[in-house]
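Derivation of every value follows stated rules applied to the coordinates shown; laboratory data play no part. All figures in this text were calculated on a predicted structure; none of them were measured in a lab. Positions of Cβ are generated from backbone atoms using ideal geometry, with glycine treated the same way; all protein chains shown enter the neighbour counts.
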Amino acid sequence: MKSPVRALAIAAAGAASIVAVLYGIGVFNVHAGPRPPAVLNRFQLTASAPEAPAIGFIDAAGKKLTLADFKGRYVLVNLWATWCGPCINELPELARLQQALPKDRFVVTPVDVLEKLDAGRLRDFLEMHSAGSLPVYIDSDRQTQQGFVANELPLTVLISPDGREVARAVGGQHWADPASIAWMKAISAPPAAKS
């Protein structure tokens, strides 16, 4: 015969397992899956996946947005500036990455920081650098830069669908490399495709 304490412990462990499975449905655990590809050599997984900062920025129409507006999707936040050479070099890569991924599950969010440029000039700049398909987002009050503690540019941060920072890269990366695209597709695939 089992002791009541042991039976209670087994029941509690079973309940915890069920909650863990239910909580994880629909959100891929990046830390448990394959590591980012070698071509993303600066893209490091963030220990303990902290909650992303409550940042805000504006779009081309002047509408205020926050990361919560993208909840339910992976968000690749890229902090950049027009005077930053490595930032400019990776803009076309980010545009190709976004075109290769389904926008209902993964969104590239380039945020111009440390500048006072209007949306029209930023749109022209993106188009001139083969990144015209990217949206225009502006950090007009340094909230994004401060929230992510961006001391260098470009800074790119991957946010999970549940609002947690799961990885970041300081410096330019090859976002449109086939291995990068494959990894981003794998982590953002629908739950049925991951099993």
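Give me the number: length gained by fully extending Lys71 to Glu152, i.e. 0.36 nm times residue separation minus the C-alpha to C-alpha distance, one decimal in nm.
Between Lys71 and Glu152, full extension yields an extra 26.6 nm.
Taking a spot 7 Å from the Cα of Ala100 along the direction of its beta carbon, which residues of region 147-174 have an amide N less than 11 Å from it?
Hits in region 147-174 for Ala100 at 11 Å: 174.
For a footprinting-style exposure proxy, rank Arg123, Arg96, Arg42 by other Cβ within 10 Å, fewest first.
Arg42, Arg123, Arg96
Let me understand region 117-195 better: what is its radius of gyration from the alpha carbons, and its Dmax, in angstrom?
Considering region 117-195 through its Cα atoms, Rg and Dmax are 15.3, 45 Å.
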